[in-house]
Amino acid sequence: MKPRTPFVINAILSVFLITGAFYMFLQNFDFITNPIFLATIAISFVLLLINNSLNALIDAEKFRLLSDKEKKEYLELVKTPFLTRIWRDAFKQSKAEEAGEIKLIDHGYDNIKELDNQLPRWYIGLFAVTITYGLVYLFSYAFTSFAHPDVEYEEEYKTQLAEIAEYEKIAPQATIETAQFNPDAVADGKVIYEQICKTCHGDGAKGLSGPNQTDDYWINIQEEYNNAKEDSEFKNIFYTVWNGSKNNPTMRAFGATGEIKGNDIVKVASYLYQLNKNSPKDSEGRSVDKTAKEPQGNLAPWSKAYKGGSAPAEGTRTSSNSVK
């Protein structure tokens, strides 16, 4: 006869299992103060108390039928703390092991002798826990939204959008007046370019239906930024992405329509600005890359090749889709 698990341990396990079951279906802890959850906990406690009382009556009858020696052993076990008993049971040897009577398994291979040891209880318990966990996970994956990667992704995505919205309340969106080149935003700008701009302007911004971004020729040069100032090129890029091209509506106003926010336009403009600065050009401001599209528009005044004139590049088609 062995002592039963204390009521307190059963109560803790019961709360843990009920809480886990509620969380599995609801995916949050808002239910903690819900009357249904509290009532479930209360009912489980009542059932545990009833079970504990019945077990006490059964154990009393069993104890009466024990011999004096068995009663003494049982009382010694009762005095031992529950966790100590668990620890001892986990590493307890079988009677055969204690008596040194372990049988040998004769496989007959290479004269190897193998003992027929009983698996440790902690090992068997761990195996049972993993199997139970696997079954619970399989059930929750199949019939609930718990532990489901698609649902977790959507939740994280919503959380990120909420965090971005909160951040944008603190950090206002950039405008043409406040926009400045940001080298730290180049990598993010390239990602946005690949998603939105690459279709028209091509890989590496070398031009497709839209103009080449790696030379010094521009179709859309805004009057207020038609000068040799250091930030004029960046400002022109930002302005055109924000307001679109006056020469062709295909290059729409991404910023004015809200399709791309100001801070993201800064990223794209920073990427294109740095790309243009790092792209090799000849003495006339043309891209030396043979795969790049031919120049369109006029030589920009901020270009090193600019000598005061504004003659258009040969073969210019100013009606093209154009950021430049």
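The values are calculated or read from the model by the stated rules, or taken from the named source; none is laboratory data. Everything numeric in this text was worked out from a predicted model, so none of it was measured. Here the Cβ positions follow ideal geometry from the backbone for every residue, glycine too, while neighbour counts run over all protein chains shown.
When the stretch 273-298 is filtered for residues that are touching a Phe, Trp or Tyr at 6+ places or on another chain (Cβ under 7 Å), at pLDDT 90 or above and not in a loop (DSSP other than H, G, I, E, B), only 273 remains. Where helices (runs of 4 or more DSSP H) fall wholly inside the stretch 45-111, the ranges with 1 or more residues that are at pLDDT 85 or above and either within 52 Å of the chain's Cα centre (by Cα) or over 14 Å from residue 1 (Cα atoms) (or both) are 68-79, 82-90. Listed by first and then second residue, the pairs with beta-carbon distance under 6 Å, at least 6 apart or on different chains, first residue in the stretch 43-68 and under 15 Å from residue 8 (Cα atoms), second of a type outside the set (Gly, Ala, Ser) and assigned to a helix (DSSP H, G or I), are 48/10; 52/7.
I need a count of the residues in the stretch 218-266 that are in a helix (DSSP H, G or I) and either modelled with pLDDT of 95 or more or hydrophobic (A, V, I, L, M, F, W, C) (or both). Qualifying residue count for the region: 7. Give the residue that is modelled with the lowest pLDDT, with candidates limited to residues of the stretch 164-195 that are over 15 Å from residue 262 (Cα atoms) and out of contact with any Lys or Arg (no Cβ under 9 Å at 6 or more places or on another chain). It comes out as 166. Scan the stretch 137-189 for residues that are farther than 15 Å from residue 264 by Cα, in contact (Cβ under 8 Å) with a residue 12 or more places away in the chain and out of contact with any helix residue (DSSP H, G or I) (no Cβ under 7 Å at 6 or more places or on another chain) and jot them down. Scanning the stretch 137-189 gives 151, 155.
In the set 292, 256, 228, 205, only one residue is assigned by TED's automatic domain parsing to the domain that holds residue 190, hydrophobic (A, V, I, L, M, F, W, C), touching a residue at least 12 places away in the same chain (Cβ under 8 Å) and buried (at least 22 other Cβ atoms within 10 Å of the Cβ); that residue is 205.
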